[in-house]
Amino acid sequence: MKKYTILIFLLVISQLFSLYLNDVSGDGVTINWFTEEPSDSFLIVYDGSNESIYSEQEVTLHRFKVSGLQPGMSYAYTVKSEKDGKVIFRNGGIFTTAPLKRTPFSFAVYGDSRSNHAVHLEIAHGIARENVPLVIHTGDLVSSDDTLDEWTSFFNVIDILSDSVFYSTIGNHEASAENYTKFFAFPGNKRYYSFWYGDVFFICLNTNEAFDKYSLQYIWLLTELEEAKEGDPAFIIVYFHHPPYSFGPHGDHLYIQQYLVPVFEDYKVDLVLNGHDHGYQRVEKNGVTYVISAGGGAPLYDIGSGKDLIASANAYHYMLFNYTVDGLFGYAKTAKGLILDSFYIQRRD
């Protein structure tokens, strides 16, 4: 098993002992954990090789990228940190590498967890019961990116999701996202990125920065979609924070409609996931399904009605998606499992 080490020094975040996974592929994953005080780092993945990774550098954010594994396999692992010969953190879990093509899988989506950490914890428990290998957050993870106490609460909550690989997009409350980009080991430039999971292609955009036709992000998006054609994706799923269509108080985002929606329609994007307008909405327009999943804890908004709005709910919730190779089933669910909406997207050949 090949292993690569990446360590980042950060300020101490008090009372934070979270373990979380990022940046999965068919042959590996990135494992992160925090400790309250600077300490060394030890990781072992139980893949039959009995190899381990150790770093004597003392840090508070510990990060190892593991590679050389088999696709679609689950691996147990253990992490540990010591300070002056004393174990100050020990934990572990199970991660699952990305599957091979034409393999069914499930994933969860939620967003706007920033304000009410008790509700966020209920939603996280609901997701944990689904036992999904992949979780996506649609932005506004915290109320303010530069408030470390907010991040402490956030990571304490998502510790229950430590067996799922976590991805997210940047919301308006992450703003410049200085801490966000330090905490998460997402691919690319972390601010916008793409990844394959089986034969589904995911693209994360950042609508806090330029996405017009002359921007680097727009050019990057077109390049990613063109290159993805070679991989023959079963589905293309795009996620970012601000919705192009919304019947909540924030309403439509006209610049997104002007610059990004035509791209989604031209390249036959199947599903667009957003947050921002707190609650649940599903809009279907010109062959693209748009879902707002923004019920992770922030105060709920009233949602109106109108053309193309297929379903909505003023409710805290998360999304469960089941990819079956032939299609994609979607369910909006409360923390207790009540189904608010369900739908099916047929695979486009």
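Computed from the C-beta positions of residue 307 and residue 329 and an R0 of 30 Å, the FRET efficiency is 0.75 to the nearest 0.05. Taking the Cα centre of the chain as reference, the dipole from Cβ charges on Lys and Arg (+1) and Asp and Glu (-1) amounts to some 600 debye. Couplings for the range 113-120, taken from phi via the Karplus curve 6.51 cos²θ - 1.76 cosθ + 1.60 with θ = phi - 60°, read 8, 5, 9, 10, 6, 5, 5, 4 Hz in order; Gly and Pro are left as x.
Taking every protein chain into account, the 1.4 Å probe leaves residue 147 with about 50 Å² of accessible area, to the nearest ten. Remark: the range 266-276, residue by residue, has Karplus-estimated 3J(HN,Hα) of 5, 9, 6, 4, 8, 9, 10, 10, 9, x, 5 Hz, where x stands for each Gly or Pro and the curve is 6.51 cos²θ - 1.76 cosθ + 1.60 at θ = phi - 60°. Positive end of the dipole of the chain (Cβ unit charges, origin at the Cα centre): among 259, 313, 68, the Cα lying farthest that way belongs to 68.
For the range 41-99, the dipole from Cβ point charges (+1 on Lys and Arg, -1 on Asp and Glu) about the Cα centre works out to 180 debye, to the nearest 20. If R0 is taken as 30 Å, the Cβ-Cβ distance between residue 182 and residue 223 corresponds to a FRET efficiency of 0.70. Model label points for residue 56 and residue 94, set 7 angstrom from Cα along the Cα-to-Cβ axis, are 3.7 nm apart. FRET efficiency for the pair residue 349 and residue 196, taken as 1/(1 + (r/R0)^6) with r the Cβ-Cβ distance and R0 = 22 Å, rounds to 0.75.
Around the Cα centre of the range 293-349, unit charges on the Cβ atoms of Lys, Arg, Asp and Glu (plus for the first two, minus for the last two) sum to a dipole of about 100 debye.
Counting DSSP beta bridges in the chain, what percent are antiparallel, to the nearest 5? That works out to approximately 75 percent antiparallel.
Full extension of the chain between residue 189 and residue 73 yields a length gain of 39.0 nm, computed as 0.36 nm times the residue separation minus the alpha carbon distance.
Ranked by the mean number of other Cβ atoms within 10 Å of their residues, highest first, the peptides 332-341, 302-311 come out as 332-341, 302-311.
Karplus-based coupling profile of the range 36-46, in residue order and whole Hz: 5, 10, x, 7, 7, 9, 9, 9, 9, 9, 8, with θ = phi - 60° in 6.51 cos²θ - 1.76 cosθ + 1.60 and x standing for Gly or Pro.
The count of lysine pairs in the range 179-273 that are at least 8 places apart or cross chains, and whose C-alpha atoms lie under 23 Å apart, stands at 6. Distance from the alpha carbon centroid of the range 152-207 to that of the range 272-328 works out to 19 angstrom.
Over the range 114-231, Cα pairs under 8 Å with separation of 6+ residues give a relative contact order of 21 percent. Mind checking which of 295, 28, 231 has the largest fluctuation in a GNM of the chain, springs on alpha carbons under 10 Å? Its mean-square fluctuation being the largest, the pick is 231. Once the 1.4 Å probe is applied to the protein heavy atoms, the range 152-254 comes out at 36 Å² accessible per residue.
The values are calculated or read from the model by the stated rules, or taken from the named source; none is laboratory data. Worth saying up front: this structure is predicted, and the values here are computed from it rather than measured. Note that we place each Cβ from the backbone using ideal geometry, even for glycine, and neighbour counts take in every protein chain shown. Keep in mind that these areas ignore ligands, DNA and RNA; they rest on the heavy atoms of the full protein, side chains included. Shrake-Rupley method; radii C 1.70, N 1.55, O 1.52, S 1.80 Å.
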